[in-house]
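Take a look at the structure set out below.
Derivation of every value follows stated rules applied to the coordinates shown; laboratory data play no part. None of these values were measured; they are calculated from a predicted model. All Cβ positions, even for glycine, are placed from backbone atoms using ideal geometry, and neighbour counts span all protein chains on display.
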Amino acid sequence: MRRLMFLAAAALILPAPACASQGDKEPVYRDCVKNCVRTNCTGAQLRGFQSTQPPYMALTGWTCRDDCRYQCMWTTVGLYQAEGYSVPQFHGKWPFARFLCFEEPASALASLLNGLACLLMLLRYRSAVPRQSPMYQTITAFSLVSLNAWFWSTVFHTRDTYLTEKMDYFCASAVILYSIYLCCVRTLGLRRPAISSMVGVLLILAFTSHVSYLTFVSFDYGYNMAANASIGMVNLLWWLCWCWLNRRILPYWWKCVLVVLLLHGLALLELLDFPPLFWVLDAHAVWHLSTVPVHFLFYSFLIDDSLHLLNTEKPGVKLD
């Protein structure tokens, strides 16, 4: 049992393995890290580092070796810039200026803001929509899955470890798959519950297979991106078709269209992939920041639609 507890704790604080990048391949970077570790991370020097390390750094698992890698990263970046070369990546990531214990301050803040927006709108939804509305439970569950994903996104961008990286990726996939289920329930499941139940089972099996492959076979970033993009495209087309078919019936249909187009359009910001401005703001952070307002429009649609369903759920009235 103690061994299992130790392994669990190690997974939480150990840095995540990353693909080698141009910066960390440089001999000057590797020699710098080797010399720093030999000089500062043994014996009395290590005890001195540990005694002066802020508690929040120790709690988030920052080690003497991590600090050496951080300092040597900036030494290498400085040499690159002095020679007129473009800024390189290190261990699969751009160099970011660390703020307190936050590895990627802007992305962590953006993830937190998304989580807060989701929580605020969930509370507004629950106060505006009676429990009797047909979509109430499904939307509440979707919101909780989303909140969990934004929590792990915040944790991951605060401290990149083996566990936090996996949780960030897996929870993001869970949101995408649950969004398919949400769409299925709204468009088909209210009149044919058996269909949404079967789709739900298939989605659970798909999620289990996806996580198992990434965990036990290969953590393939390209496969993960392709899988999520494919599922997202299905979700996009499904919602758009439903909105088009109901545009004459539902006056708020445009909100749904705008939300799905914004979410998929804003995701293209990831393709920019530029070195962080002021060593803080990169394309990923810009993407996350841009999605914060979308929560308000999305829940506005969900509130309108849930109230509409509640009002039409009467004997002899057909659900849309």
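The table below lists the values:
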read-out	value
Packing rank of 281-288, 44-51, 62-69, 205-212, where each peptide gets the mean count of other beta carbons within 10 Å, highest leading	281-288, 62-69, 205-212, 44-51
Counted charge near L46, where neighbours are those whose Cβ lies closer than 12 Å (Asp, Glu -1; Lys, Arg +1)	+2
Label-to-label distance, nm, for residues given as L266 and L236 (7 Å Cα→Cβ offset)	1.5
For T161, distant residues with modelled amide H under 5 Å away	A16
Gain in span if fully extended, S86 to L277, counting 0.36 nm per residue against the direct Cα distance	67.4 nm
Rg and Dmax of the stretch 97-217, Cα atoms only, in Å	16.6, 53
Residue-by-residue Karplus 3J(HN,Hα) for the stretch 101-111, coefficients 6.51, -1.76, 1.60, Hz, glycine and proline x	9, 8, 5, 10, x, 5, 5, 5, 5, 5, 5
Residue among Y181, Y213, Y162 with the largest mean-square fluctuation in a Gaussian network model of the chain, springs linking Cα atoms under 10 Å	Y213
Cα extents of the chain along the three principal axes, largest first (Å)	80, 52, 36
Among L112, L302, L123: highest mean-square fluctuation, GNM of the chain, C-alpha pairs under 10 Å	L123
Net charge of Cβ neighbours under 14 Å - reference A128; Lys, Arg +1; Asp, Glu -1	+1
Whole-Å semi-axes of the stretch 184-320's equivalent ellipsoid (Cα gyration tensor)	33, 23, 11
222 nm mean residue ellipticity, helices alone, for the chain (DSSP H n ≥ 4; -39,500 (n - 2.57); rounded to 500)	-23000 deg cm²/dmol
Integer Hz, Karplus 6.51/-1.76/1.60 couplings in order for the stretch 126-143, x for Gly and Pro	5, 7, 9, 10, x, 4, 6, 5, x, 9, 4, 5, 5, 5, 4, 5, 4, 5
The stretch 66-147: chymotrypsin sites (Phe, Trp or Tyr not before Pro) falling in loop per DSSP and having at most 16 other Cβ within 10 Å	Y85
Vicinal HN-Hα couplings computed from phi for the stretch 92-97 (Karplus, 6.51 cos²θ - 1.76 cosθ + 1.60; Hz; Gly/Pro x)	x, 9, 5, x, 10, 6
Positive minus negative residues near V37 (Lys, Arg vs Asp, Glu; Cβ under 13 Å)	+2
Extended-chain gain in nm, criterion 0.36 nm per residue less alpha-carbon gap, F151 and D220	22.5 nm
